[in-house]
Amino acid sequence: MTEATGFIAALAATLVCLGGAVVTGRAAKRRAHLTWVSGAVIFLAATIHFAEELGKLYDLEAAGWIYPFHLLLAQVTSVAYLVVIVSGAATLKKAARRKTHSRIAYSVLGLTVVTAITGVWMILKAPLL
């Protein structure tokens, strides 16, 4: 599997799992929700791995300001996923926290979309090595 194929497949699987997590979370199907979330975390790790491998094929610094911006955004988004997990665990202990968890999760989904967009933009601007 090439770096690009692996990245696209892992990203698509991550997005499918995140969609499943949203649907099952809104329906309060905890067991299914936790399964989808686990899948999202696993595929997100794979996506990051393939993104790093793909990045070795490009002169990312030549992409200009988008390169450091994307890296910062990707790091912030990765840490934000930990916040979602912690808020989700808190929700398991006290259901009244569900609305807060939902707001945090949707915010992180938004960050994920922006991170994906800046990543694609960066790759499109960077020449192959």
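The values are calculated or read from the model by the stated rules, or taken from the named source; none is laboratory data. Quick caveat: nothing in here was measured; it's all calculated off a predicted structure. Using ideal geometry, Cβ is built from the backbone for each residue, glycine included, and neighbour counts are taken over all protein chains shown. Heads up: the accessible areas ignore ligands, DNA and RNA and are worked out on the full protein's heavy atoms, side chains in. Shrake-Rupley method; radii C 1.70, N 1.55, O 1.52, S 1.80 Å.
Miscellaneous remarks
- Selection from segment 91-107 of residues that are hydrophobic (A, V, I, L, M, F, W, C) and either at positive phi or at pLDDT below 95 (or both): LEU92, ALA95, ALA96
- Look at segment 46-59: where a residue is of a type in the set (Phe, Trp, Tyr) and a partner is buried (at least 17 other Cβ atoms within 10 Å of the Cβ) and assigned to a loop (DSSP other than H, G, I, E, B), sitting 6+ places away or on another chain with Cβ atoms under 6 Å, you get TYR58/ALA126.
- Considered as a group, the residues in segment 18-54 that are open to solvent by 60 Å² or more (accessible area, probe 1.4 Å) and among the charged types (D, E, K, R) include one that is nearest to the chain's Cα centre (by Cα), and that residue is GLU52.
- Subset of segment 93-126 that is assigned to a helix (DSSP H, G or I), within 20 Å of PHE50 (Cβ to Cβ) and among the small types (Gly, Ala, Ser) - its residue that is most open to solvent (accessible area, probe 1.4 Å): ALA116
- Whenever a residue of segment 1-25 is under 19 Å from GLY88 (Cα atoms), its partners that are open to solvent by 50 Å² or more (accessible area, probe 1.4 Å) and not acidic (Asp, Glu), lying with C-beta atoms within less than 7 angstrom and at least six residues away or across chains, give the pairs THR14/PHE43; CYS17/TRP36; CYS17/PHE43; GLY20/TRP36; ALA21/TRP36; THR24/TRP36.
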